[in-house]
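J.: Just dropping this structure here.
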Number of protein chains: 2
Amino acid sequence: MKKNSKEAIVHAAVSLFNTKGYSGTSIRDIAAKAKVNPANISYYFQNKHGLLEYCFTSFFEQYMDKIEEGYACIDRGATFCLKKITANLLNFLCDNIQLTTFIFREMSIDSQLVREIMSTYYTKEKFYLQRVLEKGIEQREFHRHSITYMIVQLKGLWIMPFLNTNYLREVLYVFPNERFFAEKYAHDVYKWIDEVLCRKEALIS
Amino acid sequence: MKKNSKEAIVHAAVSLFNTKGYSGTSIRDIAAKAKVNPANISYYFQNKHGLLEYCFTSFFEQYMDKIEEGYACIDRGATFCLKKITANLLNFLCDNIQLTTFIFREMSIDSQLVREIMSTYYTKEKFYLQRVLEKGIEQREFHRHSITYMIVQLKGLWIMPFLNTNYLREVLYVFPNERFFAEKYAHDVYKWIDEVLCRKEALIS
């Protein structure tokens, strides 16, 4: 019962933050939507900022798990490993699309919380991506592209459909909350890995 | 003198919207930063929402100009044309980085204004991109990929560095406000065009 009300609060908060913005949402709104007493929110999260922090941390803990799960396959080759990370991550973002849209939007703002998240999680993510890309170059699977610029492209491809969900729905008529989308889109990102990152000789041999 | 104060208001508004958010910024803040009388803001833009609309419209009018300028080269081939659009657009986004970050962030929110912008500008953009991609496929320059999914990837690559400026600066140590970056990054997007979109036979012949 307790766990349910905590989950209901988070669920309501994410939905409201996403549509009305963080500053446009009050504890009262969240309590009403979650059908709980406002005192419950203080009990679990202290205040609205505590709730925001909880959303970020819970999102990025899972996000990093997906990356680490994929990274565990590094011995099967850099190409395989990067595709595994991509598949894990796209499924996770798709399954949590409201939270994902909100988090990625907030991550573009310069705030104390965002700086902390970047220095904890994004620095760790960079470490793993760099390792995979370096290994791919060493083993002659990948071209000698700039690693930094490859990370920019790869992350751009990962983030785009789950941040710009309205654009995908309203303009392109594609539904990024459906697993079908995540699976089809993963193959597009694999194509980027095969065609842009991979050396042709590596594919032929 | 008058033109200067209008520009100063817009400049101050963009900077404040970007750091404090739209709802966290008051007309008073903007007037103070722009060193003008608050009545001046009402005179030019009526209210804060009018100022927001002005920012969006002025951004997207220029954005569409860049796309149309590039599209005018369609007779020189789809590959050439898409690279031209990319170069034009990346330079524009780089030169207006604060406005770009703010606009792309806001475009991920579901609001009346965003819906209007999408149905005016993004629909037009889709029309041009679709035309270029179709022409590339017809002329056997491009693979028969799904046009919709190619637009998702291409726009992901265009938007990423100018939305996630903090990430680029703080984690990757890359500075997306510098022309040097826009030019180097354009070559990465060209690589995507050459390797993912273009048929190999087309490149060889």
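J.: Helix B:97-106 against the longest principal axis of chain B: what's the angle in degrees, Cα atoms only, rounded to the nearest 10?
T.: It works out to around 90 degrees.
J.: Further question: One decimal, nm, shortest first: give the distances between the label point of A:R115 and those of the same position in the other copies, each label point 7 Å from Cα along Cα→Cβ.
T.: 3.9
J.: While we're on this one: Can you give me the distance in nm between label points at A:R144 and A:T19, each placed 7 Å from the Cα along the Cα-to-Cβ direction?
T.: Taking the two extended label points, one gets 5.4 nm.
J.: Taking only DSSP H segments of four or more residues, each worth -39500 (n - 2.57), what value at 222 nm results for chain A once the sum is divided by all its residues, to the nearest 500 deg cm²/dmol? Write out the running numbers ahead of the final one.
T.: Values: 11 runs with 145 residues, N = 205.
That calculation yields -22500 deg cm²/dmol at 222 nm.
J.: Can I ask one more? Would you mind checking the tilt of helix A:179-192 against the longest principal axis of the Cα atoms of chain A, expressed as 0 to 90 degrees and rounded to 10?
T.: The answer is roughly 40 degrees.
J.: For B:A72, go 7 angstrom from Cα along the Cα-to-Cβ vector, then report the distances to that same point in the other copies in nm, smallest first.
T.: 5.7
J.: While we're looking at this one, here's another question. Give me the angle, in degrees from 0 to 90, between the Cα long axis of helix A:2-20 and the longest principal axis of the Cα atoms of chain A, rounded to the nearest 10.
T.: 80 degrees
J.: For the pairs A:K48/B:K126; A:K33/B:K155; B:K126/B:K191; A:K155/B:K184; B:K33/B:K126; A:K66/A:K191, flag any whose C-alpha to C-alpha distance is greater than 28 Å.
T.: Correct reply: A:K48/B:K126; A:K33/B:K155; B:K33/B:K126.
J.: Moving on. Please average, across the residues of B:187-195, the number of beta carbons from any other chain that are within 10 Å of each residue's own beta carbon, and give a whole number.
T.: Details: counts 1, 8, 2, 0, 6, 5, 0, 2, 9.
Per residue, the number of nearby Cβ atoms from other chains is 4 on average.
J.: Now a separate question. Mind checking the full-extension length gain between A:E116 and A:D65? Use 0.36 nm per residue of separation minus the Cα-Cα distance, one decimal, nm.
T.: Difference between extended and current length: 16.5 nm.
J.: Right, here's the next one. Compare the Cα positions of B:H49, B:F162, A:N18 along the charge dipole of the protein assembly as shown (+1 at Cβ of Lys, Arg; -1 at Cβ of Asp, Glu; about the Cα centre) and return the one farthest towards the positive end.
T.: B:H49
J.: Between the alpha-carbon centers of region A:1-58 and region B:144-205, tell me the distance in whole angstrom.
T.: If you average the Cα positions of each part, the centres end up 37 Å apart.
J.: Within region B:135-200, list the trypsin sites (Lys or Arg not before Pro) lying in a DSSP loop whose Cβ has at most 10 other Cβ atoms in a 10 Å radius.
T.: B:R144
J.: Then there's this: Is the protein assembly as shown rounded, prolate or oblate when judged by the Cα gyration tensor, a ≥ b ≥ c being the square roots of its eigenvalues, rounded requiring a/c under 1.5 and prolate requiring a/b larger than b/c?
T.: The shape class here is oblate.
J.: Could I ask something else about it? Relative contact order for region A:1-59: what percent, with Cα pairs under 8 Å and sequence separation of 6 or more?
T.: It comes to 35 percent, rounded to a whole number.
J.: Sort shortest first the distances from A:F180 to its counterpart in every other copy, using label points 7 Å along the Cα-to-beta-carbon line, and give them in nm.
T.: Copy-to-copy label distances for A:F180: 4.8 nm.
J.: Could you give the dipole magnitude of the protein assembly as shown about its Cα centre, charging the beta-carbon of Lys and Arg +1 and that of Asp and Glu -1, in debye to the nearest 20?
T.: Values: 54 positive and 46 negative charges, 114 e Å.
Computed charge dipole of the protein assembly as shown: roughly 540 debye.
A short reminder: the numbers here are calculations on the coordinates, not readings from a lab. As the structure is a prediction and not an experimental result, all values here were calculated from the model. Every residue, glycine as well, gets a Cβ built from its backbone with ideal geometry; the counts of neighbours run over all protein chains shown.
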